[in-house]
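The values are calculated or read from the model by the stated rules, or taken from the named source; none is laboratory data. Nothing here was measured: the structure is a model prediction, and the numbers come from that model. Cβ: placed from backbone, ideal geometry, glycine included. Neighbour counts: every protein chain shown. These accessible areas exclude ligands, DNA and RNA; they are computed on the full protein's heavy atoms, side chains included. Shrake-Rupley method; radii C 1.70, N 1.55, O 1.52, S 1.80 Å.
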Amino acid sequence: MHKEAEIREPLILGDKSYHDITEDVCRPIESKAPKPWYIMITIAGIVGLWGIGCILYLLGTGIGVWGLNNSVDWAWDITNFVWWVGIGHAGTLISAVLLLFRQKWRMAINRSAEAMTIFAVFMAAIFPGIHMGRIWVAYWVLPMPNQFGSLWVNFNSPLLWDVFAISTYLSVSLVFWYIGLIPDFATIRDRVKAPMAKKFYSILSFGWSGRAKHWNRFEIVSLVLAGLATPLVFSVHSIVSFDFATSVIPGWHTTIFPPYFVSGAVFSGFAMVQTLLLIMRKALKLENYIHTKHIEYMNIVIIVTGSIVGVAYITELFISWYSGVEYESYAFINRATGDLSWSYWIMMTCNVISPQLYWFKKLRTSLSFTFFMSIVINIGMWFERFVIIVTSLHRGHLPATWTMFYPTWVDIGIFLGTLGIFFTLFLLFARYFPVLALNEVKTILKSSGQNYKESFGHGAGFWDAHSHHDSHDHDGAHGHATLAEKEEPDPQASETALFDKKDEEVSIAEAAKDALEKAASEEAGDEPQKEEKKTLSAEEIDSFKAKLMERIGVRTDENQKDDLKKISGVGPVLEGKLNEIGIYTFEQVSKMTKEEYDLLDSLTGSFPGRAERDDWAAQAKKLMNDNSGNE
């Protein structure tokens, strides 16, 4: 197991075990939804229905119901499109880029961020469709053979590039999100009792059984998708920026737009992640998994991207003057001093000045201040898109074309409607899907859990107070005395400590690799390589077998034998080892607790921690209930 430096704050707080993580994440799904959830989804649903009504009214009447005119022919619709695409950027950054950099703090927030990405892209896709005016022929933007002879898409148009970029981004993000959910769906499948719910999660889990082969493929596919998704983080919003940068409109015709748009997208995306997570952590009681450290890391990203956006604003002003083109100069002077200057200064205040407050650690680690700032930043980023689009169009080359833009109730209604639909989808996700990457969070428990980290330090932590848990022999390498060296442990704790699981917890990929190599060597008739570990004497084996059987009981009928391979993580070989110990029935397995898991690991020597991580006892209880129901 990789030991983190003591100076690093833990990512999982409190007295948490593998079973606790499973219970905490599954509780919102298995329990009845609280009253606030019904209130929020009712409000979001009503607002969403109002937006759908506005869209239907627009399609039936025409886009003239918007506040568009001959000069400002893009306004709220494209502003909202770019804003929603930008919000969708944080999910891919957290899930893909941070995965490649092996950042552990992403594991508590990536699932919700990925869901936010998908729902945000859905909302973004609405606006180009309804802007066409004839959404029923929206498929014409795809390069498909048709009956109109030479009718074909214009591959030189950045608007068509948008179609390819956004559809690719949505596809990869959706697959990435779903692949990560499969092991967690299997966990829920094995826990739920309602037949319909069990069938639902069984379909979603694709027959996942938790075998080493499955975990190996899971790791490989995750890395491949991360590699595919990483370029999309930079390409999608770059292509969206080409909608403006490839034109000759003053204020748009600039090469700084691609990096400027990408930074702004990550900036606004992380702010929306914070808005959602800070509400969700409180509502679902996940404060031990999403806490100040996660928020501080995200605020650091916001400082960096917000500073890049600020530099881009200043660069635009400088280039407009340095170019010597009076049309460009006027476009930016008009933004700051014209009729819509109020929107420009809202943008500058929210996006440039306010993020710099995060340089103060007290503010950077304040959850209430962060929640307020996350809303402020997204307001500012919406106004950034509004300023770029509307202020550049309402004052063109000819003064005779100058005009003002005023949004109508349909403009406002559709935007609010997309917010309602977005929050409705997210609330449904939080109710029926695991909002934390359950199995990924478990992989960092022993390296980043508060109880484990304190056990390596000088303080009296969880492991000092609970001597029946694993002991960790890190003292020779790190110079810290354990409690066992300071006090006389009780006999039971000492006996259990003789056969602790090995300290180094390999990753899922490494465990899978070891299992595959072992299987290959056995097929070839080779003697498998054995790691150096303490060999138990015959007396010790007998002693611990007796202790284990005393706690879980022996079978009363010699013919009584359950198929233990139905338990996730138990294969034919491991079932044979369990039978040799004397474990034949689900009833025996169902009585196991932490101490029995430790004894079992010591006796079998197969994948230490697997029984506890996969919660064999809960699985066995469920299988017993299923068997009694069938009878």
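Going through the stretch 300-332 one residue at a time, which ones are of a type in the set (Phe, Trp, Tyr) and either farther than 30 Å from THR370 by Cβ or more than 43 Å from the chain's Cα centre (by Cα) (or both)?
Those that are of a type in the set (Phe, Trp, Tyr) and either farther than 30 Å from THR370 by Cβ or more than 43 Å from the chain's Cα centre (by Cα) (or both): PHE318, TRP321, TYR322, TYR327, TYR330, PHE332.
Within the stretch 18-41, which residues are hydroxyl-bearing (Ser, Thr, Tyr) and out of contact with any Asp or Glu (no Cβ under 7 Å at 6 or more places or on another chain)?
Those that are hydroxyl-bearing (Ser, Thr, Tyr) and out of contact with any Asp or Glu (no Cβ under 7 Å at 6 or more places or on another chain): SER31, TYR38.
Residues to consider are GLU540, GLU575; find the one that is at pLDDT 80 or above and of a type in the set (Asp, Glu).
On inspection, the qualifying residue turns out to be GLU575.
Where residues in the stretch 10-29 are among the charged types (D, E, K, R) and under 11 Å from ASP615 (Cα atoms), which of them is most open to solvent (accessible area, probe 1.4 Å)?
GLU23
Return the residues of the stretch 78-130 that are within 15 Å of ALA265 (Cβ to Cβ), within 11 Å of the chain's Cα centre (by Cα) and at pLDDT 85 or above; say none if nothing qualifies.
Scanning the stretch 78-130 gives ALA113, MET116, THR117.
I'm trying to understand the selection: among the residues of the stretch 240-262, which are surrounded by fewer than 21 Cβ atoms within 10 Å (Cβ to Cβ) and either out of contact with any Pro (no Cβ under 6 Å at 6 or more places or on another chain) or without any contact (Cβ under 8 Å) to a residue 24 or more places away in the chain (or both)? First the steps, then the outcome.
Step one: filter the stretch 240-262 for residues surrounded by fewer than 21 Cβ atoms within 10 Å (Cβ to Cβ), giving 242, 245-249, 252-256, 258-259.
Residues satisfying the conditions are ALA245, SER247, VAL248, ILE249, TRP252, HIS253, THR254, THR255, ILE256, PRO258, PRO259.
Picking from SER157, SER71, which residue would you name as being touching a Ser or Thr at 6+ places or on another chain (Cβ under 6 Å) and either in contact (Cβ under 8 Å) with a residue 24 or more places away in the chain or under 21 Å from THR168 (Cα atoms) (or both)?
Result of the check over SER157, SER71: SER71.
Scan the stretch 358-366 and give yes if some residue there is in contact with a Gly (Cβ under 6 Å, 6 or more places away or on another chain), in a helix (DSSP H, G or I), in contact (Cβ under 8 Å) with a residue 12 or more places away in the chain and crowded, with 16+ Cβ neighbours inside 10 Å, otherwise no.
Taking the stretch 358-366 first, the residues in contact with a Gly (Cβ under 6 Å, 6 or more places away or on another chain) are none.
No, that holds for no residue.
Looking at the stretch 535-615, what helices (runs of 4 or more DSSP H) fall wholly within it and have at least 1 residues that are open to solvent by 20 Å² or more (accessible area, probe 1.4 Å) and over 27 Å from LYS446 (Cα atoms)? Write out each step before concluding.
Values: elements: 538-552, 572-581, 586-590, 594-604, 610-613.
Passing ranges, in order: 538-552, 572-581, 586-590.
Restricted to the stretch 157-213, and to residues that are hydroxyl-bearing (Ser, Thr, Tyr) and at pLDDT below 85, which residue is surrounded by the most Cβ atoms within 10 Å (Cβ to Cβ)?
If we take residues in the stretch 157-213 being hydroxyl-bearing (Ser, Thr, Tyr) and at pLDDT below 85, then SER209 is surrounded by the most Cβ atoms within 10 Å (Cβ to Cβ).
Across the stretch 321-354, which residue is most open to solvent (accessible area, probe 1.4 Å) among those that are in contact (Cβ under 8 Å) with a residue 60 or more places away in the chain and part of a helix (DSSP H, G or I)?
Going through the qualifying residues, I end up with TYR327.
Within the group ILE130, ILE182, ILE126, ILE135, which residue is within 20 Å of GLU440 (Cα to Cα), in contact (Cβ under 8 Å) with a residue 24 or more places away in the chain and β-branched (Val, Ile, Thr)?
Step by step, each of ILE130, ILE182, ILE126, ILE135 is checked, and only ILE182 is within 20 Å of GLU440 (Cα to Cα), in contact (Cβ under 8 Å) with a residue 24 or more places away in the chain and β-branched (Val, Ile, Thr).
Can you tell me which residue among GLU522, GLU527 is in contact with a Pro (Cβ under 9 Å, 6 or more places away or on another chain), at pLDDT below 75 and open to solvent by 60 Å² or more (accessible area, probe 1.4 Å)?
Just a single option satisfies the conditions, and that option is GLU522.
Please indicate, with yes or no, whether at least one residue in the stretch 411-421 is assigned to a helix (DSSP H, G or I), surrounded by 22 or more Cβ atoms within 10 Å (Cβ to Cβ) and among the aliphatic types (A, V, I, L, M).
Yes: one or more hits.
Take the residues in the stretch 432-452 that are open to solvent by 30 Å² or more (accessible area, probe 1.4 Å) and assigned to a helix (DSSP H, G or I); name whichever of them is nearest to MET116 (Cα to Cα).
TYR432
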